[in-house]
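Notes follow once the structure below has been shown.
The values are calculated or read from the model by the stated rules, or taken from the named source; none is laboratory data. Computed from a prediction, not measured in an experiment: that's the story for all the values here. FYI the Cβ positions are ideal-geometry reconstructions off the backbone, even for glycines, and counts take in every protein chain you see.
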Amino acid sequence: MTKWRNQQVAFAMVVGGIATTILGATPGAGSPESVGLIIAAESASMIWNAVAVDDDRIFVAGPRWTGGTGPSLAVVHGDRTPTAYPNEDWNAWRPGADAWHRFVSINAIRSDSRGGLWVVDTGAPTFGADPLPGGAKVVRIRLATSEVDEIHHFSPAVALPGSYIDDIRFHGERAYLTDAGRGALIVLDLRSGKARRVLDGAVSVTAPGDRPVIMDGRTLRAPGGAVLRVNADPLEISPDGRYLFFGSLHGPWFQIETGFLDDPSLSASELAARVEPWANLPPVGGTAAGADGSVYFTELATNSLKQRRPDGSIVTIVQHALLHWVDAPAISGDWIWLPVAQIDRVALFNEGRSRVEWPVRLFRYRLSGSEKREGALESGRWAN
């Protein structure tokens, strides 16, 4: 405990010295084009919180509890018409149906360097519900054929009652995931399919009680009225694959060497002792990582996309009122793609009355410099 307090003090001192710069982006209510935002797709019925790009195909997904209608996972073609992906059957889950081979509720999608698209299915049909048997899983789709070629189901010992399997990153033969419901990291061996919960309930994966999500001047509350607290949520990997960075949605972020995560011989206390503070990021919708070690994050309170550079400085890349709760962004080539999910406006968080401003949009924004390539932050078999 003394060691942890000392780390917290050092953490605060480092964060206090971080400089913040705005690169000419303004939050005004003018057109999105005026700040470089381009509408890539929009929908009057679907709410997207995740995006992936493969050449001229755009993949979008969103959880069932947002209240949007349409397929759980869709591909947007040149005519901007979303269609179910990889097929209708995978998107055909209904209460009582097979959850093993259908999407129950998708929270994240992620492409890899071997022509695959990974889908993170929470397996929980409603917000806060327990994962269904066979529902919590990650699914890999071969993009060349649009066929599912890998499914990794999480056992009840990994996806616990109340778990919300949130997001995924890769290094070598391992995948790392966050559990935003019960607070933990999950380490998945892609060769054997075996998964382990680590840092279960640790401080680093638990949402603090003093960092609420505040948007439009109000504190976001969960159904029932309690202040919303989201445990382990965003995560990224360092360019050399040595460190995993992670935290609750609310921040702050922590780091740990992936070698420690991969070592099943370490006890829970030994592993927790190897966690270190990393960055005092605010509540974020999502993140994407650049090749130079930068982390791009969407700051919820300011409707902005920001960049934390390797030296710890933070710059605002673009800011606009329409960037309201941009969830998990993705970088592809020169562009960063920004799905505007408006999560705080869905009926679930507004006493059953949706405040979503339609259409829901997916923006893209051109980046410059060597930091624009996301994939360098992942190495090994599934590197981008």
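Say we look at the range 170-180 and pick out the residues that are over 16 Å from the mean Cα position of the chain (by Cα) and assigned to a strand (DSSP E or B); which of these is surrounded by the most Cβ atoms within 10 Å (Cβ to Cβ)?
Filtering the range 170-180 down to residues over 16 Å from the mean Cα position of the chain (by Cα) leaves 171-174.
Imposing the further condition that a residue be assigned to a strand (DSSP E or B) reduces the set to 171, 174.
Numbers: 171: 25, 174: 20.
If we take residues in the range 170-180 being over 16 Å from the mean Cα position of the chain (by Cα) and assigned to a strand (DSSP E or B), then 171 is surrounded by the most Cβ atoms within 10 Å (Cβ to Cβ).
Hey, could you check the range 181-202 for residues that are of a type in the set (A, V, I, L, M), touching a helix residue (DSSP H, G or I) at 6+ places or on another chain (Cβ under 9 Å) and under 11 Å from residue 232 (Cβ atoms) and say which is surrounded by the fewest Cβ atoms within 10 Å (Cβ to Cβ)? Before the answer, list the steps.
As a first pass, look at the range 181-202 and keep what is of a type in the set (A, V, I, L, M): 184-188, 190, 195, 198-199, 202.
Now drop any that are not touching a helix residue (DSSP H, G or I) at 6+ places or on another chain (Cβ under 9 Å), which leaves 184-185, 187, 198-199, 202.
If we keep only those that are under 11 Å from residue 232 (Cβ atoms) too, we end up with 184-185, 198-199, 202.
Values: 184: 24, 185: 23, 198: 21, 199: 25, 202: 18.
Among those residues, the one meeting the criterion is 202.
From the set of residues in the range 207-266 that are acidic (Asp, Glu) and part of a loop (DSSP other than H, G, I, E, B), which is surrounded by the fewest Cβ atoms within 10 Å (Cβ to Cβ)?
Of the range 207-266, the ones acidic (Asp, Glu) are 210, 216, 233, 236, 240, 257, 262-263.
Still in the running and part of a loop (DSSP other than H, G, I, E, B): 210, 216, 240, 262-263.
Details: 210: 6, 216: 11, 240: 12, 262: 17, 263: 14.
Once the filter is applied, the top-ranked residue is 210.
So which residues in the range 312-339 are surrounded by fewer than 17 Cβ atoms within 10 Å (Cβ to Cβ) and either at pLDDT below 95 or under 24 Å from residue 60 (Cβ atoms) (or both)?
Selection gives 321, 333, 334.
I'd like to know if the range 153-166 contains one or more residues that are among the acidic types (Asp, Glu), surrounded by fewer than 20 Cβ atoms within 10 Å (Cβ to Cβ) and either farther than 19 Å from residue 266 by Cβ or in contact (Cβ under 8 Å) with a residue 12 or more places away in the chain (or both).
No, the range 153-166 has no match at all.
Only residues that are in contact with a strand residue (DSSP E or B) (Cβ under 9 Å, 6 or more places away or on another chain) and of a type in the set (A, V, I, L, M): list them for the range 292-328, please.
Listed by number, the residues that qualify are 295, 300, 301, 305, 314, 315, 317, 318, 322, 323, 326, 328.
Going by what's in this entry, would residue 167 be described as in a loop (DSSP other than H, G, I, E, B) and not aromatic (Phe, Trp, Tyr)?
Values: in a loop (DSSP other than H, G, I, E, B): no; not aromatic (Phe, Trp, Tyr): yes.
No, not satisfied.
Residue under question is residue 52, and the condition is that it be within 28 Å of residue 176 (Cβ to Cβ), in contact with a Gly (Cβ under 7 Å, 6 or more places away or on another chain) and of a type in the set (A, V, I, L, M); does it hold?
On the way: within 28 Å of residue 176 (Cβ to Cβ): yes; in contact with a Gly (Cβ under 7 Å, 6 or more places away or on another chain): no; of a type in the set (A, V, I, L, M): yes.
Here the answer is no, as residue 52 does not meet what is asked.
Residues in the range 230-281 that are under 28 Å from residue 340 (Cβ atoms) and either touching a residue at least 60 places away in the same chain (Cβ under 8 Å) or among the polar types (S, T, N, Q) (or both): how many?
Looking only at that region, the number is 14.
Taking the condition at pLDDT below 95, buried (at least 19 other Cβ atoms within 10 Å of the Cβ) and part of a loop (DSSP other than H, G, I, E, B), does residue 96 pass? Please lay out each step first, then the result.
On the way: at pLDDT below 95: yes; buried (at least 19 other Cβ atoms within 10 Å of the Cβ): no; part of a loop (DSSP other than H, G, I, E, B): yes.
Here the answer is no, as residue 96 does not meet what is asked.
Please indicate, with yes or no, whether at least one residue in the range 59-66 is out of contact with any Asp or Glu (no Cβ under 7 Å at 6 or more places or on another chain) and at pLDDT below 95. Even if it seems obvious, please write down each step before you answer.
If we filter the range 59-66 for residues that are out of contact with any Asp or Glu (no Cβ under 7 Å at 6 or more places or on another chain), which is where we start, we get 59-66.
Remaining after also requiring at pLDDT below 95: none.
No.
Looking at 101, 77, can you tell me which residue is surrounded by fewer than 18 Cβ atoms within 10 Å (Cβ to Cβ) and modelled with pLDDT of 95 or more? Spell out the reasoning first.
Working: 77 fails: modelled with pLDDT of 95 or more.
Among 101, 77, only 101 is surrounded by fewer than 18 Cβ atoms within 10 Å (Cβ to Cβ) and modelled with pLDDT of 95 or more.
Evaluate the range 241-263: report whether one residue or more is more than 26 Å from residue 320 (Cα to Cα), within 17 Å of the chain's Cα centre (by Cα) and of a type in the set (Val, Ile, Thr).
Taking every residue of the range 241-263 in turn, none turns out to be more than 26 Å from residue 320 (Cα to Cα), within 17 Å of the chain's Cα centre (by Cα) and of a type in the set (Val, Ile, Thr).
State whether one or more residues within the range 290-301 are buried (at least 18 other Cβ atoms within 10 Å of the Cβ), under 24 Å from residue 171 (Cβ atoms) and without any contact (Cβ under 8 Å) to a residue 40 or more places away in the chain.
Checked the range 290-301: no residue is buried (at least 18 other Cβ atoms within 10 Å of the Cβ), under 24 Å from residue 171 (Cβ atoms) and without any contact (Cβ under 8 Å) to a residue 40 or more places away in the chain.
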